[in-house]
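Undergrad: My questions will all concern the structure given below.
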Amino acid sequence: AKARGRNGYSFYTPSMTGEGVERLRLETFLRRSIEKDEIFLNYQPQVDIVTGELVGVEALVRWNHPELGLVPPVRFIPLAEDTGFINQLGQWVLREACRQMVRWQEAGLVVPKIAVNLSVKQFERGSIVNMVADTLHETGLEPARLQLEVTESVIMNTDDAMVFINDLHAIGVGLAIDDFGTGYSSLAYLKQLPVQTLKIDRSFIKDISTDVNDEAIAIAIIQLGKSMNLSVIAEGVETVQQAEFLVRHGCHLAQGYLYSKPLAADVMLTNWQK
Ligand code: C2E
Ligand code: CA
Ligand code: CA
Ligand code: CA
């Protein structure tokens, strides 16, 4: 029911309250999600467009709650960031991703590389280098087989981003700029950072063949990567036309539904082991 003040002015609405309650409930559930074994990873193949070869996977976090069902990351990652839970979650994701690489290897599937997303909040606490180094050491994964994905916002909004990223480079892990071109940033940082990979955001790939501006941006990113000796991978590739466009313009790496949706670890094994 709508509560009314003396002057008849309604000072809160049921929907606002509902939202607050819903958020609190989600937050409470999320805090318990790791210990309740509700969090797991899916892995999306990254392929060489021309040869079809597997070049890596991206680890994508999933939350399956018994009441809520599968909650999409766009709903719980921002919440995890707001509440600080992202640090625990991010650490769990990294450890699980590294462990899975070792498990696949033992089962006979060599996945060359695994990409793991890092949130800007994971940089705000201070150095995450020890966390990454400890996890690699504990799991036995070679540092060169881990690639950390950060968005431009990490670089622009973290005071010590340069220091952290150089430290990560020093321990041998790779670095990719995720959603490249969508953030507010200067390109100047690119020449100062030990980055190996640019990921072209899906928003630029989506309308290739209908939107000339998106095509121009995709081409510009591919050229930029080439001239700076960086590898460029396109995300969200769904059609053969998009793949052909990319190859025609010199981008040979892709990730997207055309090749595979994100897969459970065991499905990854059966689909790609041969
Ligand atoms: P992202 O890093 O840009 O990941 C790519 C997203 O695009 C994934 O969504 C993936 O499932 C989806 N995708 C891949 N190929 C296609 C395609 O061909 N078509 C379409 N329509 N979508 C495609 P997902 O798994 O829902 O993840 C959404 C976002 O959540 C990610 O975007 C990333 O920013 C964040 N995220 C996911 N896992 C983690 C994590 O472990 N840590 C952090 N910090 N963020 C994560
Ligand atoms: Ca990513
Ligand atoms: Ca991305
Ligand atoms: Ca994206």
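The values are calculated or read from the model by the stated rules, or taken from the named source; none is laboratory data. Small disclaimer: the values here were computed from a predicted structure and weren't measured. Ideal geometry is used to build each Cβ from the backbone, glycine not excepted, and the neighbour counts take in all protein chains shown. Only protein heavy atoms, including side chains, enter the accessible area calculation; ligands, DNA and RNA are left aside. Shrake-Rupley method; radii C 1.70, N 1.55, O 1.52, S 1.80 Å.
Undergrad: Tell me, what is the FRET efficiency for Asp82 and Asn271 to the nearest 0.05, using R0 = 30 angstrom and their Cβ-Cβ distance as r? It would help to have the intermediate numbers written out before the result.
TA: On the way: r = 36 Å, r/R0 = 1.20.
It comes out at approximately 0.25.
Undergrad: Can I ask one more? Can you give the charge dipole size of region 83-229 about its Cα centre, rounded to the nearest 20 debye, using +1 on the beta carbon of Lys and Arg and -1 on the beta carbon of Asp and Glu?
TA: Values: 12 positive and 18 negative charges, 63 e Å.
So the magnitude is around 300 debye.
Undergrad: How high is the relative contact order of the chain? Use alpha-carbon pairs under 8 Å, at least six apart in sequence, and give a whole percent. Show your work: numbers first, answer last.
TA: Details: 423 pairs, mean separation 46.8, N = 274.
Computed over the chain, the figure is 17 percent.
Undergrad: I would also like to ask the following. Summarise the accessible area of the chain (1.4 Å probe, protein heavy atoms) by the percent that is carbon and sulfur.
TA: On the way: 7150 of 13980 Å².
About 51 percent, which is the carbon plus sulfur part of the accessible surface.
Undergrad: Moving on. Report, ordered by chain and residue number, the lysines lying within cross-link reach of Lys274, taken as a straight Cα distance under 18 Å and ignoring same-chain residues fewer than 8 apart.
TA: Within reach: Lys113.
Undergrad: Counting Lys and Arg as +1 and Asp and Glu as -1, what is the net charge of the other residues whose Cβ lies under 11 Å from the Cβ of Gly183? Mind dumping the intermediate values first?
TA: Details: positive: none; negative: Glu152, Asp178, Asp179, Asp201.
Residues close to Gly183 contribute a combined charge of -4.
Undergrad: Would you mind putting 23-31, 245-253 in packing order, based on average other-beta-carbon counts within 10 Å, highest first? Don't skip to the answer; put the middle values down first.
TA: Numbers: 23-31: 14.6, 245-253: 17.7.
Highest-to-lowest ranking by the protection proxy: 245-253, 23-31.
Undergrad: Could I ask something else about it? Expressed as an acute angle from 0 to 90° and rounded to the nearest 10, what is the orientation of the C-alpha long axis of helix 161-170 relative to the principal long axis of the chain?
TA: 40 degrees
Undergrad: Along region 194-208, what does the Karplus equation 6.51 cos²θ - 1.76 cosθ + 1.60 (θ = phi - 60°) give for ³J(HN,Hα), rounded to whole Hz, x for Gly and Pro?
TA: Each residue's phi maps through the Karplus curve to give x, 9, 10, 9, 10, 9, 6, 5, 4, 4, 8, 7, 3, 9, 4 Hz.
Undergrad: Under unit Cβ charges (Lys, Arg +1; Asp, Glu -1), what dipole magnitude, rounded to 20 debye, does the chain have relative to its Cα centre?
TA: Values: 25 positive and 34 negative charges, 124 e Å.
Dipole about the Cα centre, nearest 20: 600 debye.
Undergrad: Out of all DSSP beta bridges in the chain, what portion is antiparallel? Express it as a percent rounded to 5. Write out the running numbers ahead of the final one.
TA: Working: 17 of 39 bridges.
Close to 45 percent.
Undergrad: May I ask for the net charge around Ala161, where only other residues with Cβ less than 15 Å from the Cβ of Ala161 are counted and Lys, Arg are +1 while Asp, Glu are -1? Show your work: numbers first, answer last.
TA: On the way: positive: Lys121, Arg125, Lys191; negative: Glu124, Glu149, Glu152, Asp159, Asp160, Asp167, Asp178.
Net charge in that neighbourhood comes out at -4.
Undergrad: Across region 34-48, in residue order, what do the Karplus-derived ³J(HN,Hα) couplings come to in whole Hz, using 6.51 cos²θ - 1.76 cosθ + 1.60 with θ = phi - 60° and x for Gly and Pro?
TA: Ordered by residue, 3J(HN,Hα) equals 5, 5, 8, 6, 8, 9, 8, 10, 10, 10, 9, x, 10, 10, 7 Hz.
Undergrad: In whole Hz, with x marking every Gly and Pro, tabulate ³J(HN,Hα) for region 235-251 from phi via Karplus 6.51 cos²θ - 1.76 cosθ + 1.60, θ = phi - 60°.
TA: 9, x, 6, 10, 10, 4, 4, 5, 4, 5, 4, 4, 5, 4, 9, x, 9
Undergrad: Taking a point 7 angstrom from the Cα of Ile171 along the C-beta vector, which residues in region 123-140 have backbone N less than 14 Å away?
TA: Counting only backbone N, you get 123, 126-140.
Undergrad: Let me ask something else. Per q in 0.10 1/Å, what log10 I(q)/I(0) does a Debye calculation on the alpha-carbon atoms of the chain return?
TA: At q = 0.10 Å⁻¹ the computed log10 ratios are -0.57.
Undergrad: Further question on the same structure: For a quick check: with amide H placed at 1.01 Å from N, whose amide H comes under 5 Å from Leu175's, ignoring anything fewer than 5 positions away on the same chain?
TA: Leu148, Gln196, Thr197
Undergrad: Using +1 at the Cβ of each Lys and Arg and -1 at the Cβ of each Asp and Glu in the chain, identify which of Gly181, Val120, Ser33 lies farthest towards the dipole's positive end.
TA: Value: Ser33.
Undergrad: Compute the label zone of Arg31 within region 66-87: residues whose backbone N is under 16 Å from the point 7 Å along Cα-to-Cβ.
TA: Only 79-87 pass the distance filter.
Undergrad: Here is a further query. Count the net charge of all other residues whose Cβ sits under 12 Å from the Cβ of Gly56, scoring Lys and Arg as +1 and Asp and Glu as -1.
TA: Values: positive: Lys113, Arg145, Lys199; negative: Asp48, Glu53, Glu58, Glu149.
Taking every Cβ under 12 Å from that of Gly56, the sum is -1.
Undergrad: Hey, what's the chain come to in accessible area per residue, 1.4 Å probe, Å²? If you can, show how the numbers build up before the last one.
TA: Values: 13980 Å² over 274 residues.
About 51 Å² of surface per residue is accessible.
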